[in-house]
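Q: First, the structure itself, so that you have it in front of you.
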2 protein chains.
Amino acid sequence: MPPVERLGAYTREEFINRVVAFHGFAAPGVIIGGIMVDLAIQQMPRSVLYDAICETPFCLPDAVQLLTPCTTGNGWLKVINLGRFAVTLYDKHTGKGIRVYLDPGKVQDWDEIQAWFLKLKPKTSQDAGRLQGQIWEAGPGICASQPVKVQPLYLAPRSKGPIGICSRCREAYPVKDGDVCLGCQGKSPYAEPVTRQA
Amino acid sequence: MPPVERLGAYTREEFINRVVAFHGFAAPGVIIGGIMVDLAIQQMPRSVLYDAICETPFCLPDAVQLLTPCTTGNGWLKVINLGRFAVTLYDKHTGKGIRVYLDPGKVQDWDEIQAWFLKLKPKTSQDAGRLQGQIWEAGPGICASQPVKVQPLYLAPRSKGPIGICSRCREAYPVKDGDVCLGCQGKSPYAEPVTRQA
């Protein structure tokens, strides 16, 4: 298999520049993620409107957001943390899709990728340049694809339902959440009681 | 308060173009979100490295991803769904930060924003142009800010811990998840048993 030269509309260099601008640095996980997302796109019928699932919150979601119309805020990208480096694109009506994962068996042929993927050596001992070189060389050769069908639960358009005003914090919230909002039910991530303020 | 003319490095038009390119369309929630994120940034000390929390998965996460270094994939943006239209930027070391929310009390002065925010009329009856006009006019005037302190739990750098190979699916997974990966523990979103494939 020839080395990867392009991802979607981007050359290698253009993609790296976009990764740095968006993700903050040229993370190996976003570059491998880009190769995986590109491989999944190529296997989806062209006319299909697809949503995406990432099975890890690490890196991969940013590859999806850079190469597909799916983002966290538009709801077409969902992160379901199963701890696996895998991404699925699926028809948002039928649930039929393609799952692409990084295959530990195939990664064995690339020592620097394997060391990164399985955390065989500390980050400070990794050779970032060599790792990136191996990623472009290996390309889809270290990935595997499989057809999947996403459960109906994940196909329904997301909806907040009717909105009310929380009697405690006076903010708007989905009334289906209960008598008061989830924040006032103790689910808030803040350490101190939050006081209302202008 | 004068109408908003700029958000971060962008003019109104540039920001709208970026919203359309990233989010897919000029969603009112991403534009209001942009105003909220900008307001939070202005209240953070300049030298602070901050993380972000969105209290809703709707729209707001994309405003954060467009205007800050925080993304889903780099882990600096967390969505904690409390159903409230609120965003917090906080010092990733101390947890001290600023929470900005859309204030239902202040929104009362802007009928089109109020109708959108509280879902008082169906989307098809909303006047998108008038709504966007009111958003730029109202600006930070419909928001409220409050200091918060994020719980220590959210400050620890995320880590997968040691990686193993799942004895069932043969994929890499964090061994802290159990004897087999979470996907093989029945948490997979796929309807059919997934077969391994090249």
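Q: For labels at A:Asp179 and B:Asn17 in the simple 7 Å Cα→Cβ model, what's the distance in nm?
A: Modelled inter-label distance: 5.3 nm.
Q: Return the ratio Rg/(2.2 N^0.38 Å) for the stretch A:6-92, where Rg is computed over Cα atoms only.
A: Values: Rg = 12.0 Å, N = 87, 2.2 N^0.38 = 12.0 Å.
Ratio of Cα Rg to 2.2 N^0.38 Å: 1.00.
Q: Just to be sure I understand the rule: take each whole DSSP H helix in chain B, project its Cα atoms onto its long axis, keep it if the span is 18 Å or more and its mean Kyte-Doolittle hydropathy is at least 0.0. Which ones pass?
A: Working: long enough: B:28-43 (23 Å, 1.29).
Answer set is B:28-43.
Q: Taking amide H positions as placed in the peptide plane 1.01 Å from N, state which residues far from B:Tyr190 in sequence (5 or more) or on other chains have amide H under 5 Å from it.
A: When sequence neighbours closer than 5 places are left aside, the close amide H contacts are A:Gln151.
Q: Another question, then. Along the three principal axes, how long is the protein assembly as shown when you take its alpha carbons, biggest first, rounded to the nearest angstrom?
A: Taking the Cα atoms of the protein assembly as shown, the three principal extents are 63, 44, 40 Å.
Q: Can you list the residues, at least 5 places off or on another chain, whose amide H is less than 5 Å from the amide H of A:Arg99, using H built in the peptide plane?
A: Result for A:Arg99 returns A:Gln146, A:Val148.
Q: Find the relative contact order for chain B and round it to a whole percent, using C-alpha pairs within less than 8 Å whose residues are 6+ positions apart. Before the final figure, lay out each step's value.
A: Details: 282 pairs, mean separation 35.7, N = 198.
Computed value for chain B: 18 percent relative contact order.
Q: Here's a follow-up. Could you tell me the distance between the Cα centroids of the stretch A:125-152 and the stretch B:32-106, to the nearest Å?
A: Each part's Cα centre sits 31 Å from the other's.
Q: Most mobile of B:Glu14, B:Glu171, B:Glu112 per a Gaussian network model of chain B (Cα springs, under 10 Å)?
A: In this elastic network of chain B, the residue with the biggest mean-square fluctuation among B:Glu14, B:Glu171, B:Glu112 is B:Glu171.
Q: Mind listing the Cα extents of chain A along all three principal axes, in Å, largest one first?
A: That gives 61, 42, 29 Å along the principal axes, largest extent first.
Q: Let me spell out the model: positive unit charges on the Cβ of Lys and Arg, negative unit charges on the Cβ of Asp and Glu, origin at the Cα centre of the stretch B:1-85. What dipole size does that give, in debye rounded to 20?
A: Rounded to the nearest 20 debye, it is 100 debye.
Q: Given the options B:Thr72, B:Thr11, B:Thr124, state which has the largest fluctuation in a GNM of chain B using a 10 Å cut-off (strictly under) for Cα springs.
A: B:Thr124
Q: Shifting gears a bit: Give, rounded to the nearest 20 debye, the magnitude of the charge dipole that the stretch B:81-192 has about its Cα centre when Lys and Arg contribute +1 at Cβ and Asp and Glu contribute -1 at Cβ.
A: Working: 16 positive and 11 negative charges, 89 e Å.
Here the stretch B:81-192 has a charge dipole of around 420 debye.
Q: In deg cm²/dmol and to the nearest 500, what is the mean residue ellipticity at 222 nm of chain B if only DSSP H runs of at least 4 residues count, each as -39500 (n - 2.57), divided by the residue total?
A: On the way: 6 runs with 58 residues, N = 198.
That calculation yields -8500 deg cm²/dmol at 222 nm.
Q: Determine, at each q value in 0.09 (inverse angstroms), the log₁₀ of I(q)/I(0) that the Debye formula gives when each Cα of the stretch B:82-198 is one equal point scatterer.
A: -0.55
Q: Among B:Lys121, B:Lys176, B:Lys92, whose mean-square fluctuation peaks in a Gaussian network model of chain B (Cα, cutoff 10 Å)?
A: Its mean-square fluctuation being the largest, the pick is B:Lys176.
Q: Give the lysines reachable from B:Lys187 as a straight Cα distance under 16 Å; neighbours fewer than 8 places away on the same chain don't count.
A: Once the sequence-local lysines are set aside, what remains near B:Lys187 is A:Lys78, A:Lys149, B:Lys176.
Q: So, one more: Just name one of A:Ala172, A:Ala144, A:Leu155: the one whose Cα is farthest towards the positive end of the charge dipole of the stretch A:136-178 (beta-carbon charges, Lys/Arg +1, Asp/Glu -1).
A: A:Ala172
Each value in this text was obtained by applying a stated rule to the coordinates, not by laboratory testing. Please read all numbers here as calculations on a predicted model, not as lab measurements. Glycine also receives a Cβ, built like all others from the backbone with ideal geometry; neighbour counts cover every protein chain displayed.
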